[in-house]
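J.: Got a structure for you, questions after.
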Amino acid sequence: MKKTEFSTVVYEYDSLDELSKEEVFLVEKAKESAMNAYAPYSKFQVGVSVLLSNNKVVNGNNQENAAYPSGLCAERVAIFYANAKYPDVAVKAIAICAFTNTEFVKTPIPPCGGCRQSLLETEMRYHTPIKVILAGSEKIFIINSVKDLLPLNFNSDML
Ligand code: THU
């Protein structure tokens, strides 16, 4: 028997002042985007901004539906839109934040499993690590690659 351990490095910050200008800009765009979320059922509004390697920024937010599973998370709305609009351009970073009943959530909100899988596909597609910025009002986490969020992942190498 061999035991294998996976580790994830998370950089933790107490304030936006500790982030670069570019990172702060992405968080601000994600917050703006959360305001446009369609989340009448959960009242949990998620906003995302995606930085591309051509320096364009694409935003997204969660879109719910009365038939609940038909809705889509903010991360996938944003990343699919980025890939649809700029199919030849790598994604460099993604910022994610959430509001619940219009209040900026204190703790960083990590992407769900399905979104991690979709983000990983984009990371592998363009052979470029995507920096993940999870912004809460009292704490910010930065993870340097989606791979770190999805150890032992299923991917196209296995097909
Ligand atoms: N949601 C996201 O947009 N991203 C996530 O990673 C987790 C959850 C959305 C889905 C749903 O509209 C609401 O948050 C509550 O789950």
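The values are calculated or read from the model by the stated rules, or taken from the named source; none is laboratory data. What you are looking at is a predicted structure, and each value in this text was computed from that prediction instead of being measured. Positions of Cβ are generated from backbone atoms using ideal geometry, with glycine treated the same way; all protein chains shown enter the neighbour counts.
Yes or no, residue by residue, for (1) touching an Asp or Glu at 6+ places or on another chain (Cβ under 8 Å); (2) at pLDDT 95 or above; (3) within 19 Å of Asn144 (Cα to Cα):
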residue	(1), (2), (3)
Glu22	no, yes, yes
Phe25	no, yes, yes
Glu32	no, yes, no
Asn36	no, yes, no
Ser42	yes, yes, no
Val48	yes, yes, yes
Cys73	no, yes, no
Ile94	yes, yes, yes
Cys97	no, yes, yes
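J.: Another question, if that's okay. Restricting to region 97-129, count the residues that are closer than 18 Å to Lys29 by Cβ and touching a Ser or Thr at 6+ places or on another chain (Cβ under 8 Å).
T.: 2
J.: Something else now. When the residues of region 95-108 are filtered to those that are without any contact (Cβ under 8 Å) to a residue 60 or more places away in the chain and surrounded by 15 or more Cβ atoms within 10 Å (Cβ to Cβ), which remaining residue is nearest to Val57 (Cα to Cα)?
T.: In the first step, residues of region 95-108 are kept if they are without any contact (Cβ under 8 Å) to a residue 60 or more places away in the chain; the result is 100-103, 105-108.
After this cut, where a residue has to be surrounded by 15 or more Cβ atoms within 10 Å (Cβ to Cβ) as well, the list is 100, 105, 108.
Details: Thr100: 24, Val105: 23, Pro108: 21 Å.
Only one residue tops the list, namely Pro108.
J.: Could you list, in sequence order, all residues of region 114-138 that are surrounded by fewer than 20 Cβ atoms within 10 Å (Cβ to Cβ) and closer than 20 Å to Met35 by Cα?
T.: Gly136, Ser137, Glu138, listed by residue number.
J.: Okay, next question. Would you pick out the residues in region 48-57 that are more than 9 Å from the ligand (Cβ to nearest atom) and either touching a strand residue (DSSP E or B) at 6+ places or on another chain (Cβ under 8 Å) or in contact (Cβ under 8 Å) with a residue 12 or more places away in the chain (or both)?
T.: Taking region 48-57 and keeping what is more than 9 Å from the ligand (Cβ to nearest atom), we get 49-57.
Scanning region 48-57 gives Ser49, Val50, Leu51, Leu52, Ser53, Asn54, Lys56, Val57.
J.: Test Lys85 against the stated conditions and say whether it is of a type outside the set (Gly, Ala, Ser), under 27 Å from Asn155 (Cα atoms) and either surrounded by fewer than 14 Cβ atoms within 10 Å (Cβ to Cβ) or modelled with pLDDT under 95 (or both). Working first, answer last.
T.: Details: of a type outside the set (Gly, Ala, Ser): yes; under 27 Å from Asn155 (Cα atoms): yes; either surrounded by fewer than 14 Cβ atoms within 10 Å (Cβ to Cβ) or modelled with pLDDT under 95 (or both): yes.
So Lys85 fits the description; yes.
J.: Somewhere in region 28-42, is a residue under 24 Å from Leu120 (Cβ atoms) and more than 13 Å from the ligand (Cβ to nearest atom)?
T.: Of all residues in region 28-42, those under 24 Å from Leu120 (Cβ atoms) come to 29-30, 33-34, 37.
The next check asks that each one be more than 13 Å from the ligand (Cβ to nearest atom); those that pass are 29.
Yes - at least one qualifying residue is present in region 28-42.
J.: Would you mention how many residues in region 58-98 are away from the ligand (no atom under 14 Å from the Cβ) and in a loop (DSSP other than H, G, I, E, B)?
T.: 5
J.: In this structure, is Asn61 of a type in the set (S, T, N, Q) and modelled with pLDDT under 95? Steps first, please.
T.: Working: of a type in the set (S, T, N, Q): yes; modelled with pLDDT under 95: no.
So Asn61 fails the test.
J.: Let me ask something additional. Can you go through Pro111, Pro151 and tell me which one is crowded, with 20+ Cβ neighbours inside 10 Å and either of a type in the set (Val, Ile, Thr) or over 19 Å from Ala90 (Cα atoms) (or both)?
T.: Working: Pro151 fails: crowded, with 20+ Cβ neighbours inside 10 Å.
After ruling out the rest, the residue left standing is Pro111.
J.: Return the residue satisfying two criteria in turn: it lies in region 1-49 and is among the charged types (D, E, K, R) and surrounded by fewer than 12 Cβ atoms within 10 Å (Cβ to Cβ), and of such residues it is nearest to Ala93 (Cα to Cα).
T.: Filtering region 1-49 down to residues among the charged types (D, E, K, R) leaves 2-3, 5, 12, 14, 17-18, 21-23, 28-29, 31-32, 43.
When the remaining residues are screened for being surrounded by fewer than 12 Cβ atoms within 10 Å (Cβ to Cβ), the result is 2-3, 5, 12, 14, 17, 21.
On the way: Lys2: 35, Lys3: 33, Glu5: 26, Glu12: 16, Asp14: 20, Asp17: 18, Lys21: 13 Å.
The extreme case among them is Lys21.
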